[in-house]
1. Just the residues that are of a type in the set (D, E, K, R), modelled with pLDDT of 95 or more and closer than 18 Å to Val35 by Cβ, please, taken from the stretch 54-90.
2. Quick one: Ala10 ticks every box in (1) modelled with pLDDT of 90 or more; (2) open to solvent by less than 80 Å² (accessible area, probe 1.4 Å) bar one, so which box is it?
3. What helices (runs of 4 or more DSSP H) completely inside the stretch 16-90 contain at least 3 residues that are of a type outside the set (A, V, I, L, M) and either touching a residue at least 40 places away in the same chain (Cβ under 8 Å) or open to solvent by 70 Å² or more (accessible area, probe 1.4 Å) (or both)?
4. Considering only residues of the stretch 13-41 that are among the hydrophobic types (A, V, I, L, M, F, W, C) and modelled with pLDDT under 90, which is nearest to Ser75 (Cα to Cα)?
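The values are calculated or read from the model by the stated rules, or taken from the named source; none is laboratory data. Model, not experiment: these values are computed from the prediction. As a convention, Cβ positions derive from the backbone with ideal geometry for all residues, glycine included, and neighbour counts pool all protein chains shown. What goes into the accessible areas is simple: the full protein's heavy atoms, side chains included, and nothing from ligands, DNA or RNA. Shrake-Rupley method; radii C 1.70, N 1.55, O 1.52, S 1.80 Å.
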Amino acid sequence: MCTDTWSTTAKYQIKSQQADVMRILDSKSIQYELVDISVGGELRDEMRSKVGNPAAVPPQLFNEDQYCGDYEMFSEAVEADTVDQFLKLA
């Protein structure tokens, strides 16, 4: 029972973080492609391989195939007003 509760909580947190990232990117008019890794283990494994962490969870941010960071790193970039540098756009 605890696992289900944690799983539901984790899913909510991931969706909340994804919505936060999309809201910020939209507000800065930064184009992005959302990749839904829940549709198959192959996409999840590819994301984890690119990140270099077999336990990585979304959201993870990339510029093309170049890894930029995770949600916490993105949040820090937002606070520091360095999103363009974080996303390797500058």
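1. Initial filter on the stretch 54-90 (of a type in the set (D, E, K, R)): 64-65, 70, 72, 76, 79, 81, 84, 88.
Within this subset, residues satisfying the condition of being modelled with pLDDT of 95 or more are 70, 72, 76, 79, 81, 84, 88.
Within the stretch 54-90, Asp70, Lys88 qualify.
2. Result: Ala10 fails condition (1) only.
3. Working: elements: 41-51, 71-79, 83-86.
Output list reads 41-51, 71-79.
4. First, pick out the residues of the stretch 13-41 that are among the hydrophobic types (A, V, I, L, M, F, W, C): 14, 19, 21-22, 24-25, 30, 34-35, 37, 39.
Applying the additional criterion that residues be modelled with pLDDT under 90 yields 37, 39.
Numbers: Ile37: 21, Val39: 26 Å.
Among residues in the stretch 13-41 that are among the hydrophobic types (A, V, I, L, M, F, W, C) and modelled with pLDDT under 90, the one nearest to Ser75 (Cα to Cα) is Ile37.
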